[in-house]
Each structure stands twice: as C-alpha cells, then as structure tokens.
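Below is one structure; the comments refer to it alone.
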Amino acid sequence: MVEHLSRIRDLGKILFMTLPLVYHPDYVTPLPPEHRFPMPKFGKVYDLLLREALAAPQVFHRPEIASPELLALVHTPAYIDAFCSGTLEVKAQRRIGLPWSPNLVKRTRTAVGGTVLTAQLALQHGLACNVAGGTHHAFPDFGSGFCIFNDLAVATRCMQARGLAERVMIIDLDVHQGDGSALIFQQDPSVFTFSVHCEKNFPFRKQHSDFDMALPEGVDDNLYLRRLAETLPDLLAEVRPDLVLYDAGVDPHQQDRLGKLALTSEGLYRRDKYVLETCLRQGYPVATVIGGGYDQDVERLSYRHLLVFRAALELYADI
C-alpha cells in the first residue's frame, strides 16, 4: 500500500468542498461534416455544466498536453512518432476511424493529459471528473475504434511511476469492451480491469479482462443494475485499489446509435451514482472519464454525459 495515501473510509472525511473538474478547449477539434464521431460533445458538456449552474469556470483544472515520454509508458515509440508526425500508414489510420490532422494530434494528447490530471486530483480530493477520456480501444502499437492513445492506461502507469498509487482498478461500463486496456494489463496483477459490455458488439474479437461481464442485447435498467450490484462490491473488496478509474460511457443508452442495450437516462444516472458511492464508501478514490456515446443530436447526447457529473456533484454535496 502506498504509504502517503490514506484511505477515505467514509464520505465525511473528504474535506474539499469543490469537486475537481478537468477540461481544455483543445478537447474539441473539427472533423468532416456528418462524421460518426460526435466530437462537439466535449465542448457541449462543458457548456452544459456552466449553463445548468453545476459548475463555475474557475473550478475547472486545465491539463497539460501529454508528452511523448508520458505516452511511452504504454505505447511504442514508433507508433507515437508515426501518429504525431502524420506518417501513420493509411490502413492503420483507417482502423482508428478519425482523419489525421495536427489539431487531432493536439486534441488527443491533451485529452490523455486530462485523464492523468484527473487521476492525480482524485488521489488528492477523493473524486475528480474529466470532460473527456475513455479511449480504451487503443493498444500499445495501434489505435482502433476512434481511440488513438489509451488515456486510462497512461494515467494508470503515470500514477504508478510517480509513486502515487500501486494498485489500480479500471471500471469500464462503456457498452464496448475495453479491449485495449484488457490486453495492456493482461499480465499485470497490479491493475484490475473490469468490463461490463454488450456481448454482440464491437470489438468483435474480445480480449480477456480480469473480469468480463458480457451482456446480451436489450438488457434494461433493472437487470443491468442488478448484475452490477451482484459483482462490484465483491470485486472492490478483493482488489482493494489505491485508485479507481471509472469509464462512464453512455452508449448503453436505449437510443444510442451503436449501443444495443436498453438503459434509460434514469438507469444511467443510477448506475453512475451506484458506482461512485460504492467506491467512495469503501474508501477508494475515483477518477471519472465520459467514455463513448453516439447520437446525431449532440445536445441530447451531451445531457446523457452530464449524468455522471450530476451524480458526482450530488455525492460531493453530501460530504
């Protein structure tokens, strides 16, 4: 156990009254019109946090761009250089699914820096939220499924390298399995990967997480939440992590374009609040990222992403 990290055994021991939020304007970069990836949602979530009076501009922490050295804690130097210089092969770029540009490089590296900062703030404050992140399909030497560098893995390795956390748990509730994270940590007992995803959905070649919960299509709120409640407390008690990274993807929503599950917005909110409260009550700091979510109506989608912030803020208000 890390010596300087004292566990938060009850919510009342967190003394910081302002929930740390992380955002940078570079989280958004232009994509071609009608591209399937809803890039504007990151800026829209930030705007909604302000518009709904959930946060003020001064509470946001601005991350630094992730350096090549930081990325190399997880990714190969050849891949980092090829992507950042724009020399990645066409086939590899197509597998990522995002058109290369210098702004995309800046956006990608800044979002990774955001999750690193969120993890650090979570260790300091007990809970922190990034308005980006969840690029769990990125592997050490290639990207996939709109994911270029794996922010969850880089943040994990960074916290370990800095001596801030030894044992990390990734709770990945995006509808798609976190295959990149699973492979990166497959032989590493210091990192526990827990993925709840739709079985018959991307990626079609699954990796082996430490614990995979593969759900059939059409699972609704009640079944999803029951399965989660049957599993998460025991896993936390077994793993006893110094830090939890929570990927709060909203693509399990019934109206998501790529989801295939049937959760409602109320169900997503209950899921997020349950995960955060369960971790915090057992004394485990949590860093959240927003994960996947796909809808042509970006404002409607952004309101779904807002749910994890509402849950986090409600718990923080009760401290």
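At-a-glance table
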| read-out | value |
| --- | --- |
| Identity of the residue in the stretch 97-109, closer than 29 Å to residue 205 by Cα and touching a residue at least 24 places away in the same chain (Cβ under 8 Å), that ends up surrounded by the most Cβ atoms within 10 Å (Cβ to Cβ) | 108 |
| Candidate set from the stretch 297-319 (those that are touching a residue at least 40 places away in the same chain (Cβ under 8 Å) and assigned to a loop (DSSP other than H, G, I, E, B)); member that is surrounded by the most Cβ atoms within 10 Å (Cβ to Cβ) | 319 |
| Contacts under 6 angstrom Cβ, first residue in the stretch 138-154 being touching a residue at least 60 places away in the same chain (Cβ under 8 Å) and farther than 14 Å from residue 100 by Cα, partner assigned to a loop (DSSP other than H, G, I, E, B) and polar (S, T, N, Q), 6 or more apart | 138/150; 140/76; 141/76; 150/135; 151/135 |
| Any hit, the stretch 252-268, residues being surrounded by 18 or more Cβ atoms within 10 Å (Cβ to Cβ), within 15 Å of residue 193 (Cα to Cα) and not small (Gly, Ala, Ser) | no |
| Selection within the stretch 241-284 - farther than 20 Å from residue 178 by Cβ and not in a helix (DSSP H, G or I) | 254, 255, 262, 264, 282, 283 |
| Residue match in the stretch 229-238 (condition: farther than 20 Å from residue 160 by Cα, free of Cβ contacts under 8 Å to residues at least 40 places away in the same chain and within 19 Å of the chain's Cα centre (by Cα)) | no |
| Criterion (more than 19 Å from residue 29 (Cβ to Cβ) and surrounded by fewer than 21 Cβ atoms within 10 Å (Cβ to Cβ)) met by exactly one of 51, 62 | 51 |
| Any chance residue 163 is touching a residue at least 24 places away in the same chain (Cβ under 8 Å), crowded, with 24+ Cβ neighbours inside 10 Å and out of contact with any Pro (no Cβ under 9 Å at 6 or more places or on another chain) | no |
| The stretch 166-211 - residue that is hydroxyl-bearing (Ser, Thr, Tyr) and in a loop (DSSP other than H, G, I, E, B) and, of those, surrounded by the most Cβ atoms within 10 Å (Cβ to Cβ) | 209 |
| Residue list for the stretch 17-39, restricted to those being hydroxyl-bearing (Ser, Thr, Tyr) and either part of a loop (DSSP other than H, G, I, E, B) or over 14 Å from residue 115 (Cα atoms) (or both) | 18, 23, 29 |
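Laboratory data are not the source of any read-out in this text; all were calculated from the coordinates shown. Note that the coordinates shown come from a computational prediction; the quantities given were computed from them, not determined experimentally. Reconstructed Cβ throughout: ideal geometry from the backbone, glycine too, with neighbour counts over all protein chains shown.
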